[in-house]
1. Being over 21 Å from residue 11 (Cα atoms) and in a helix (DSSP H, G or I) is the filter here; which residues of the range 26-53 pass it?
2. Across the range 145-174, which residue is farthest from residue 185 (Cα to Cα) among those that are loosely packed, with under 15 Cβ neighbours inside 10 Å and touching a helix residue (DSSP H, G or I) at 6+ places or on another chain (Cβ under 6 Å)?
3. With respect to residue 184, is the statement that it is part of a helix (DSSP H, G or I) and modelled with pLDDT of 90 or more true?
4. Could you tell me which numbered condition residue 124 fails, if it satisfies all but one of (1) surrounded by 13 or more Cβ atoms within 10 Å (Cβ to Cβ); (2) over 27 Å from residue 200 (Cα atoms)?
5. Looking at the range 96-131 only, could you name the residues that are in a helix (DSSP H, G or I), touching a residue at least 40 places away in the same chain (Cβ under 8 Å) and more than 19 Å from residue 249 (Cα to Cα)?
6. Name the one entry in 72, 39 that is at pLDDT 95 or above and surrounded by 10 or more Cβ atoms within 10 Å (Cβ to Cβ).
7. Looking only at the range 138-151, count how many residues are in a loop (DSSP other than H, G, I, E, B) and either outside the structural domain of residue 78 (by TED's automatic domain parsing) or at pLDDT 90 or above (or both).
8. Scan 51, 21, 26, 91 and give me the residue that is loosely packed, with under 11 Cβ neighbours inside 10 Å, under 30 Å from residue 228 (Cβ atoms) and out of contact with any strand residue (DSSP E or B) (no Cβ under 8 Å at 6 or more places or on another chain).
């Protein structure tokens with residue numbers, strides 16, 4: 001086919017496309033004629049992106065702190081992008097399921113392997129000073145991180161481990177959400193008083209979280225797995241991908257935060273509080289929370305030993321498997 005014939009064929013296809021949509025191809029061609037050429041910087045809104053780092057102090061390392069958290073949120077968005085495709089899919093196609101999990105795990109691997117920027121990439125004394133200008137903001141307030149959990153598994157699996165056996169799928173969403181594990185990380189256990197960090201977070205996002213959880217009732221990633229044909233559910237590659245996602249989200253990622261917290265917030269004279277007043281020593285260890293997205297793919301022993309890697313991690317923050 002000559003170039004002229006190819007162009008004629010393409011125009012014919014375009015005419016058919018726009019005709020089926022009730023549109024006039026000629027008008028769209030006029031728009032194409034007057035449209036500017038697309039540039040890389042316009043396409044990704046580069047100038048806007050690079051203007052989003054606005055430090056609150058004069059310490060140079062604060063800009064690193066901001067950028068790394070912005071990068072993290074973009075990776076969270078990528079993870080959610082794949083999860084949404086999984087829960088919306090009706091095909092029960094095994095290869096599709098595995099590919100989405102593979103992508104999610106690749107995003108987690110990038111996040112986990114890059115966390116050295118937070119652990120070793122800032123001066124401790126700078127951090128301890130500029131952090132005081134960030135009160136009461138905290139990484140605890142990452143809504144996308146909570147959405148990833150809600151998309152992954154039903155709320156009964158996110159109830160605090162000390163209360164989990166008291167609840168089931170029969171309980172309503174609001175009740176389950178009230179006992180979700182992360183709330184304890186920003187609550188004074190002696191008085192029951194919530195920190196301002198938690199109060200702000202709940203006020204801003206609770207309606208959205210409840211709405212998403214209701215939309216995902218019986219339709220989380222875990223439910224999608226349980227709805228697969230038996231042969232698919234037993235596929236070794238699928239099981240391995242699910243275990244890797246669980247480990248990345250609920251063990252490896254929190255462990256990296258433990259390493260960062262120990263570097264910046266531990267002192268011989270006593271630990272420093274996190275910026276939002278969260279109790280990081282009780283909140284971050286995976287073995288304390290025992291959050292597991294896909295519980296029925298594990299043995300009782302695996303569940304019992306869940307997250308115990310954090311003990312080694314305290315003494316060797318680089319001892320972590322992200323494969």
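1. 40, 41, 42, 43, 46, 47, 48, 49, 50
2. 169
3. no
4. Every listed condition holds for residue 124 apart from (1).
5. 120, 124, 126, 127, 128, 129, 130, 131, listed by residue number.
6. 72
7. Selection size over the range 138-151: 1.
8. 91
The values are calculated or read from the model by the stated rules, or taken from the named source; none is laboratory data. Quick caveat: nothing in here was measured; it's all calculated off a predicted structure. Positions of Cβ are backbone-derived with ideal geometry, glycine not excepted, and every protein chain shown enters the neighbour counts.
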